[in-house]
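The structure is given below, and queries will be raised subsequently.
The values are calculated or read from the model by the stated rules, or taken from the named source; none is laboratory data. Values in this document were obtained by computation on a predicted structure and should not be read as measured data. Here the Cβ positions follow ideal geometry from the backbone for every residue, glycine too, while neighbour counts run over all protein chains shown. In case anyone asks, the SASA skips ligands and DNA or RNA and just uses the protein heavy atoms, side chains included. Shrake-Rupley method; radii C 1.70, N 1.55, O 1.52, S 1.80 Å.
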Amino acid sequence: MLGENFFAKTFSGANSLGAGGAFNGNPSGKSHCLPAPCAALLVYGLGTAYLLRLLPSSDLNMKETILSHLDHPAVLERLYQSDKTAFRNHFMALHGEIQSHPAAGFWYERLSYKAPGMEWGSREELGLVVVLSLIAGCVAKIPAWFGLEEDQFFARNIGLLVFPFLTAYFAWKRNSDTKTGIIAFGITLLAGIYINLLPEKGDAHTLTLACIHLPFLLWSVLGWVYGHTEWKQPFRRIEFLRFNADLVIITGLILIAGGILTGVTFGLFSLIEVNIEDFYLNYVVVFGLVAAPVVGTYVTQTNPQLVSRVSPVIATIFSPLVLVTLVVYLVTVVFSGKDPYNDREFLLLFNALLIGVMAIVLFALSESSQARSTIISRVIVFLLAAVTIIVNLVALSAIVFRIAEWGVSPNKLAVLGGNLLILTNLVLVTLRLGATLRDPEQLPKVEQTIAAYLPLYSLWTVVVVFLFPVIFGFD
């Protein structure tokens, strides 16, 4: 055959060349000899060229396919998705002869469109972000400037360093009316004054609970302002959850980049023996930490195309990983001898795990409820919610056991109420998710269940922050 004759001649020639054989005109074979590696490369190149000659021309095939399927949009779309760059080049080359066809105009505009790059919003918006970041940094420096106890200040005011500034941003962004602004400002101001005036008596359980739950209250105010006039609509509440997921991702990237910049800066200045660590840590790092959520919010709002594709990917990757980790963890707990019924510290960690997993479930649900979700993603989220119910039941039974054995305390009652809320929410969501496995059209009901339940968390937060200290005598 032709191919066999070609390779036989090529290899025989290569052998003679590599062994010191003769070229035409040099019968002695003592000069112009190619080393064996060079001969092998020559054979490889000639063989590849020969094989490429036997293959059909992909360029020609793509051009012919475009020309012959102008009336078949599905075929053109598949061809475009298979190799976007090649399709664009061939189509533009053919446009002159097919421009009279109705499909040519559509594809020309689509292929000529240039997606916008990084957007920075208006000058006013950028100025607002800078001002809010500077104010947040100044608030974070209050303990240093006024000689206050830093641990006590930040424990009470950590939520006030973030959420009021995000609320102010969205109040401006959504053009909130005066009434909304006054209510949001009033709640934030009242919460700030209240948390800093709470007395620290005894073990201060109610103070600790109030400090832990206050950020959730301020987060609820942020959600209300974010929703603006549509805050009661399920789609707006789900959008708010997605915004939070995007914000966490972008803020995390900003902080990682800031950490790298800090290390590089310290290294560069150490080379010239200039010590800037104290100033840098006390001002640049402090202002940067509190500014990161504000800047992250600004990026998510001005460049939604940059982050809208990241969150679903994160949810797709981490949902099965969290599911596997949770199952392995539960099995390990059974054989480790740890007892949440009698080990208070372990029970606290168990509840912290529950809250974290619940946040991941809500995040995954907010992504799975979109139309692009697949049956696999819905099954994973369903299983994750079901396993989280088991974790919740274990924690709930441990809390009930401890209350029966040692009586009621602020901590136990707060954890009990939170667990009951989460359990009810998970059961309702899991039932809805089970229905979506049979009928994907039930996905909107999952959104409605999540959205309808969010105000109950806010209400429980108000109870713990404002009523628990009074009920238990600020102890």
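Does Ile182 satisfy the criteria of being open to solvent by 60 Å² or more (accessible area, probe 1.4 Å), in contact (Cβ under 8 Å) with a residue 24 or more places away in the chain and closer than 22 Å to Val131 by Cβ?
In short, no.
Where the second residue is in a helix (DSSP H, G or I) and open to solvent by less than 80 Å² (accessible area, probe 1.4 Å) and the first is touching a residue at least 24 places away in the same chain (Cβ under 8 Å) and hydroxyl-bearing (Ser, Thr, Tyr) and lies in the range 126-155, which pairs have Cβ atoms under 9 Å and are six or more apart or on separate chains?
Correct list of pairs: Ser133/Phe165; Ser133/Phe287; Ser133/Gly288; Ser133/Val290; Ser133/Ala291; Ser133/Ala292; Ser133/Val294; Ser133/Val295.
Give Val400, Val427, Val470, Val408 a once-over and let me know the one that is surrounded by fewer than 20 Cβ atoms within 10 Å (Cβ to Cβ) and not in a helix (DSSP H, G or I).
When all the criteria are applied, what remains is Val408.
Moving on. Being among the aliphatic types (A, V, I, L, M), open to solvent by 50 Å² or more (accessible area, probe 1.4 Å) and assigned to a helix (DSSP H, G or I) is the filter here, so list the residues in the range 262-294 that pass it.
Within the range 262-294, Val264, Leu268, Leu271, Leu281, Val284, Leu289 meet the criteria.
To continue, here is another question. State whether the residues of the range 307-322 include one that is open to solvent by less than 10 Å² (accessible area, probe 1.4 Å), farther than 22 Å from Asn425 by Cα and not hydroxyl-bearing (Ser, Thr, Tyr).
Within the range 307-322 (the criterion being open to solvent by less than 10 Å² (accessible area, probe 1.4 Å), farther than 22 Å from Asn425 by Cα and not hydroxyl-bearing (Ser, Thr, Tyr)), the answer is yes, since at least one residue qualifies.
Being surrounded by fewer than 21 Cβ atoms within 10 Å (Cβ to Cβ), of a type in the set (A, V, I, L, M) and part of a helix (DSSP H, G or I) narrows it down to one of Ile250, Ile254, so name that one.
Ile254
Since Asn419 meets every condition but one in (1) surrounded by 15 or more Cβ atoms within 10 Å (Cβ to Cβ); (2) at pLDDT 90 or above; (3) of a type outside the set (A, V, I, L, M, F, W, C), which condition does it not meet?
Every listed condition holds for Asn419 apart from (2).
Table: residues versus (1) modelled with pLDDT of 85 or more; (2) within 23 Å of the chain's Cα centre (by Cα).
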residue: Pro320; (1), (2): yes, yes
residue: Val333; (1), (2): no, no
residue: Arg344; (1), (2): no, no
residue: Ile355; (1), (2): no, yes
residue: Met358; (1), (2): no, yes
residue: Ile375; (1), (2): no, yes
residue: Val379; (1), (2): yes, yes
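Within the range 110-153, track down each residue that is charged (D, E, K, R), in a loop (DSSP other than H, G, I, E, B) and either open to solvent by less than 80 Å² (accessible area, probe 1.4 Å) or closer than 30 Å to Glu200 by Cα (or both).
Lys141, Glu149
A further question on this structure: Answer with yes or no whether Arg156 is open to solvent by 30 Å² or more (accessible area, probe 1.4 Å) and assigned to a helix (DSSP H, G or I).
no
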